[in-house]
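Reading through the structure tokens given below for one structure.
The values are calculated or read from the model by the stated rules, or taken from the named source; none is laboratory data. Source: prediction; values computed, not measured. Ideal geometry is used to build each Cβ from the backbone, glycine not excepted, and the neighbour counts take in all protein chains shown. Side chains included, ligands, DNA and RNA excluded: accessible areas come from the protein's heavy atoms. Shrake-Rupley method; radii C 1.70, N 1.55, O 1.52, S 1.80 Å.
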Amino acid sequence: MSSLASLPSVDTILNHPNFAGYKRLLLKKRAQEILSAIRSARPVVVPSLREILAQIEHAYHSMPCTVVPLINATGILIHTNLGRSPISRAIYDRAAELICGYNNVEFELQSGKRGERYVGVARCLREILGCEDCLVVNNNAAALFLILNTFAKEREVIVSRGELIEIGGGFRIPEVMANSGAKLHEVGTTNKTKFADYRNAISAQTAMILKVHRSNYAIEGFTQSVELPELIALARDSQLLDCYDLGGGLLRRAFGAKQKELANLRLEPALDEILPLNPSLVCFSGDKLLGSVQAGIILGKSSLIAQLKANQLLRMLRVDKITLILLEHCLQAYLDEDYGSIPLLAMLQTSLEELHERAQSLKAQIPNGFDAQVCPTTAYIGGGTLPQKGIMSIGIALSHDKLDCESLKDILRTHRIITRIHDSCVLLDMRTLFVHDFEHVSEALKEIAQCNA
Ligand SMILES: *Cc1c(COP(=O)(O)O)cnc(C)c1O
């Protein structure tokens, strides 16, 4: 029976039990496409219903349109391609109650008048860091852009040549500056910038001295740069503003006694060391070392924050309630000094002994056919932080005698497990693997072992 009249109707397909739980609109479109292709093909060949259903199912799944959860076994904690910093379930659930209903993000309960959207976050940050005020925008790039546009439009900003960085995603300091209307005044050389370079660059055109943390690269060897206290003093004495784009938003005291294993964190600027120096402005990302949502957080003197708030651009850069509420709830964990409830900080602080135990327990679930060795590894903070310096970690070096490591890595990826290769083995780094991921990993490995027995 191969007449076109025997083709099933779209309704038949939509209601077919094979497609229970499928998104109706997508299913309808894929069904129409497949049926219409069959109708227009010459010579006319009508496949069996089973074959048609299989084609539709294949077409449906070949166009995934949703974000899927991934397992990050790369050991790169702030992985920009994997959504940067994860948010804890408990924090998310507390925030969800507010996000899913109406709330007072911009409403003053006492007066019944329109409120200020940043008060909750500002109150937390003031308590945690002792800053005067804060503002939250879309991301750190937007934060810097708003600062430059507000205070340095058509005026000069002095930046060291060694700090004219490019961050992933095409964020380049000179270009951000040009777009903001500020004029870049480069000083020093790539490897050396001296205090006198800054001082000699100051003119009537100067608005600001900008320091940018070299997040994702390092200059080694014959180098010199000027420390923040000197720049703040120079700006103050010259009646200029100083601004520090510090990238990550690390709170040093969150790490307490665990600093030793994390020695390389010393290279990151820390909010609790910078704010006591009384800078005019600092800005950083919400989803890097702070361990929260994507946001650009600006801290600084109240009068300056007020000027930023008065800039029309803020209307375009402002964040949604979801961001503000999640950020505030993450900051509550900082107020509780419950740093372990922030996944990023918990991952950083997990001891090597604990990682070793986890590795042993995962290894015990790895099926025959694989060679699995628990070994010391180096994890990386990532997200444009600390390029060359890793943090100690423990991993499982995985290999399979029928699969080369590139193929194994690719197959694991089809199981939503993202790994990296080290020493001709696929590495499962325990620092970024959650314990609740273990079952998924061992199930995937069992399937791979069966298929390659
Ligand atoms: C990451 C980074 C940025 C960009 O931050 P986003 O939040 O990604 O916009 C800017 N400056 C520095 C120093 C950074 O490390």
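Condition check ((1) more than 11 Å from the ligand (Cβ to nearest atom); (2) surrounded by fewer than 18 Cβ atoms within 10 Å (Cβ to Cβ)) across all residues:
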| residue | (1), (2) |
| --- | --- |
| Ala235 | yes, no |
| Leu246 | no, no |
| Leu251 | yes, no |
| Pro276 | yes, yes |
| Leu304 | yes, no |
Filter result (in contact with a Ser or Thr (Cβ under 8 Å, 6 or more places away or on another chain), without any contact (Cβ under 8 Å) to a residue 60 or more places away in the chain and assigned to a strand (DSSP E or B)) within region 247-286: none
Residues (within 15 Å of the ligand (Cβ to nearest atom) and either under 24 Å from the mean Cα position of the chain (by Cα) or closer than 16 Å to Asp245 by Cα (or both)) located in region 203-233: Leu210, Lys211, Val212, His213, Arg214, Ser215, Asn216, Tyr217, Ala218, Ser225, Leu228
Region 178-198, subset touching a Phe, Trp or Tyr at 6+ places or on another chain (Cβ under 9 Å) and within 16 Å of the ligand (Cβ to nearest atom), residue nearest to Leu210 (Cα to Cα): Ala182
Qualifying position, being among the aliphatic types (A, V, I, L, M) and touching an Asp or Glu at 6+ places or on another chain (Cβ under 7 Å), among Ala254, Ala218, Ala235: Ala235
Residue match in region 300-307 (condition: free of Cβ contacts under 8 Å to residues at least 12 places away in the same chain and not in a loop (DSSP other than H, G, I, E, B)): yes
Residues within region 253-274 that are of a type outside the set (A, V, I, L, M), farther than 23 Å from Thr350 by Cβ and either open to solvent by less than 40 Å² (accessible area, probe 1.4 Å) or near the ligand (Cβ under 9 Å from one of its atoms) (or both), tallied: 1
Segments classed as helices (runs of 4 or more DSSP H), wholly inside region 1-104, with at least 1 members that are closer than 29 Å to Ala444 by Cα: 24-40, 49-61, 89-99
Residues of region 124-148 classified as assigned to a helix (DSSP H, G or I), in contact (Cβ under 8 Å) with a residue 24 or more places away in the chain and more than 15 Å from the ligand (Cβ to nearest atom), total: 5
Qualifying residue in region 236-246 (condition: in a helix (DSSP H, G or I) and out of contact with any Ser or Thr (no Cβ under 7 Å at 6 or more places or on another chain)): yes
Sole residue being open to solvent by less than 30 Å² (accessible area, probe 1.4 Å) and more than 28 Å from Leu304 (Cα to Cα), chosen from Ile167, Ile173, Ile158, Ile91: Ile91
Residue identified as part of a helix (DSSP H, G or I), of a type outside the set (A, V, I, L, M) and farther than 16 Å from Val282 by Cα among Glu230, Glu175: Glu175
Filter pass, Ile173 being away from the ligand (no atom under 16 Å from the Cβ) and on the phi < 0 side of the Ramachandran plot: no
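Here is a yes/no grid of residues against (1) open to solvent by 50 Å² or more (accessible area, probe 1.4 Å); (2) at pLDDT below 95; (3) closer than 30 Å to Asp320 by Cβ; (4) touching a Phe, Trp or Tyr at 6+ places or on another chain (Cβ under 7 Å):
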{"position": "Arg24", "(1), (2), (3), (4)": "yes, no, yes, no"}
{"position": "Gln32", "(1), (2), (3), (4)": "yes, no, no, no"}
{"position": "Ala37", "(1), (2), (3), (4)": "yes, no, no, no"}
{"position": "Val45", "(1), (2), (3), (4)": "yes, yes, no, no"}
{"position": "Leu53", "(1), (2), (3), (4)": "no, no, no, no"}
{"position": "Thr74", "(1), (2), (3), (4)": "no, no, yes, no"}
{"position": "Ile99", "(1), (2), (3), (4)": "no, no, yes, no"}
Of residues in region 343-362 being closer than 15 Å to His436 by Cα and in contact with a Phe, Trp or Tyr (Cβ under 9 Å, 6 or more places away or on another chain), the one surrounded by the most Cβ atoms within 10 Å (Cβ to Cβ): Met347
Whichever residue in region 308-324 is part of a loop (DSSP other than H, G, I, E, B) and aliphatic (A, V, I, L, M) and, among such residues, is surrounded by the fewest Cβ atoms within 10 Å (Cβ to Cβ): Leu313
Test result for Asn103, modelled with pLDDT of 95 or more, over 23 Å from Lys301 (Cβ atoms), out of contact with any strand residue (DSSP E or B) (no Cβ under 7 Å at 6 or more places or on another chain) and surrounded by fewer than 21 Cβ atoms within 10 Å (Cβ to Cβ): no
Qualifying residue in region 328-349 (condition: free of Cβ contacts under 8 Å to residues at least 60 places away in the same chain, more than 26 Å from the chain's Cα centre (by Cα) and at negative phi): no
Which numbered condition Val68 misses (of (1) of a type outside the set (S, T, N, Q); (2) under 30 Å from Ser292 (Cβ atoms); (3) surrounded by 10 or more Cβ atoms within 10 Å (Cβ to Cβ)): (3)
